[in-house]
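**Q** I have a structure here, written as structure tokens, and I will follow up with some questions on it.
Taken together, the values in this text are just the output of simple stated rules run on the coordinates, not laboratory data. The structure displayed is predicted, hence computed values, not measured ones. So basically every Cβ, Gly included, is an ideal-geometry build from the backbone, and we count neighbours across all protein chains shown.
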Ligand SMILES: Cc1ccc2cc(C(N)=O)cc(O)c2n1
């Protein structure tokens, strides 16, 4: 009946908006209890009218029965690793190398900088705005299909938002666990005599490798997008930061600490500032990622062997990890 379908559509919209407000805008408008009540109402509607239970429904985040094993996925665009810089001189050398190759003044060059989350990289493929595949990085060329586990992460949209949804987009980002979620998980594990994780990165990796997605659904996993790997359809982006803005409008969280700075001075100041904020963050970072912002310049610089010439990771010394 039409009224039921309209109610279901309204509930979809309200639940998707609530996720967007909570995870992308970091500005929740409804309480968890209100969210759960809307979800329960949709679940009961779908129980009465199974045709309403579409794959992109917020009720369909926890997958079907556990899989036997993970399918292998070959990435259409390899997931490259980053060259490292360990001090200011190496950062300065990166900026100089880029400026020389582009034959421009390094001090006017724009760099997009963000924290390097210490989680695990995944690739998400959306066709006509629907999440169709999610895979781990693996060796950079082939990874594991962990779609069912990624669907359980509420900061990963099942359906893209807005009115300029591309026919195809592949989004890269980091799956990670916050300290708060990690401590709670380990407390529960100790109480139940389950395996205790050494650090949030291992906990996130272990959770994504679960064949039973209801286990992943019970883990406090989060996602932060950092790159558009493929895009078909309208694309008027001139810079990497344009892509990151577009990812937010499509419904993805990007780093709130993102900044576009100019030249060697801007890059070094960003890395020092982030280094001072590091111990106060509720998640682990192992560095900063510095990228030439202009897409034209990125294309001109290309890649060397495995890592892009247009990006570098500035690394911090390992933190004294409190082995809980
Ligand atoms: C190109 C590239 C590769 C790995 C990355 C990894 C991270 C990260 N771990 O946060 C962020 C980025 O912007 C990255 N960008």
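**Q** Could you please give the count of residues in the range 74-117 that are within 21 Å of residue 156 (Cβ to Cβ) and surrounded by 18 or more Cβ atoms within 10 Å (Cβ to Cβ)?
**A** The number of residues fulfilling the criteria is 6.
**Q** Looking only at the range 128-137, decide whether some residue is in contact with a strand residue (DSSP E or B) (Cβ under 9 Å, 6 or more places away or on another chain), within 14 Å of the ligand (Cβ to nearest atom) and in contact (Cβ under 8 Å) with a residue 12 or more places away in the chain. Outline the logic, then answer.
**A** First pass over the range 128-137, keeping only residues in contact with a strand residue (DSSP E or B) (Cβ under 9 Å, 6 or more places away or on another chain): 128-137.
Among the residues that remain, those that are also within 14 Å of the ligand (Cβ to nearest atom) are: 136-137.
Filter again for in contact (Cβ under 8 Å) with a residue 12 or more places away in the chain, leaving 136-137.
Within the range 128-137, one or more residues are in contact with a strand residue (DSSP E or B) (Cβ under 9 Å, 6 or more places away or on another chain), within 14 Å of the ligand (Cβ to nearest atom) and in contact (Cβ under 8 Å) with a residue 12 or more places away in the chain.
**Q** For residues that are assigned to a loop (DSSP other than H, G, I, E, B) and in contact (Cβ under 8 Å) with a residue 24 or more places away in the chain, tally how many sit in the range 43-64. Steps first, please.
**A** So in the range 43-64, the residues assigned to a loop (DSSP other than H, G, I, E, B) come out as 49, 53-57, 61-64.
Filter once more, keeping what is in contact (Cβ under 8 Å) with a residue 24 or more places away in the chain: 49, 55-57, 61-64.
The number of residues fulfilling the criteria is 8.
**Q** I'd like to know if the range 174-194 contains one or more residues that are over 19 Å from the mean Cα position of the chain (by Cα), outside any helix (DSSP H, G or I) and more than 16 Å from the ligand (Cβ to nearest atom).
**A** Within the range 174-194, one or more residues are over 19 Å from the mean Cα position of the chain (by Cα), outside any helix (DSSP H, G or I) and more than 16 Å from the ligand (Cβ to nearest atom).
**Q** Being farther than 9 Å from residue 115 by Cα and part of a strand (DSSP E or B) is the filter; apply it to the range 249-289 and report the residue that is farthest from the ligand (Cβ to nearest atom).
**A** 262
**Q** Test of understanding: among 58, 78, which residue is over 15 Å from residue 310 (Cα atoms) and within 16 Å of the ligand (Cβ to nearest atom)?
**A** Exactly one of 58, 78 is over 15 Å from residue 310 (Cα atoms) and within 16 Å of the ligand (Cβ to nearest atom), namely 78.
**Q** Can you name the residue in the range 148-173 that is within 16 Å of the ligand (Cβ to nearest atom) and within 17 Å of residue 35 (Cβ to Cβ) and is also surrounded by the fewest Cβ atoms within 10 Å (Cβ to Cβ) among such residues?
**A** The qualifying residue surrounded by the fewest Cβ atoms within 10 Å (Cβ to Cβ) is 155.
**Q** Here's another thing I want to ask about it. List every residue pair whose Cβ atoms sit under 6 Å apart, with the two residues 6 or more apart in sequence or on different chains, where the first one lies in the range 78-100 and is without any contact (Cβ under 8 Å) to a residue 40 or more places away in the chain and closer than 13 Å to residue 292 by Cβ and the second, anywhere, is away from the ligand (no atom under 16 Å from the Cβ) and outside any loop (DSSP other than H, G, I, E, B).
**A** From the range 78-100, the pairs are 99/106.
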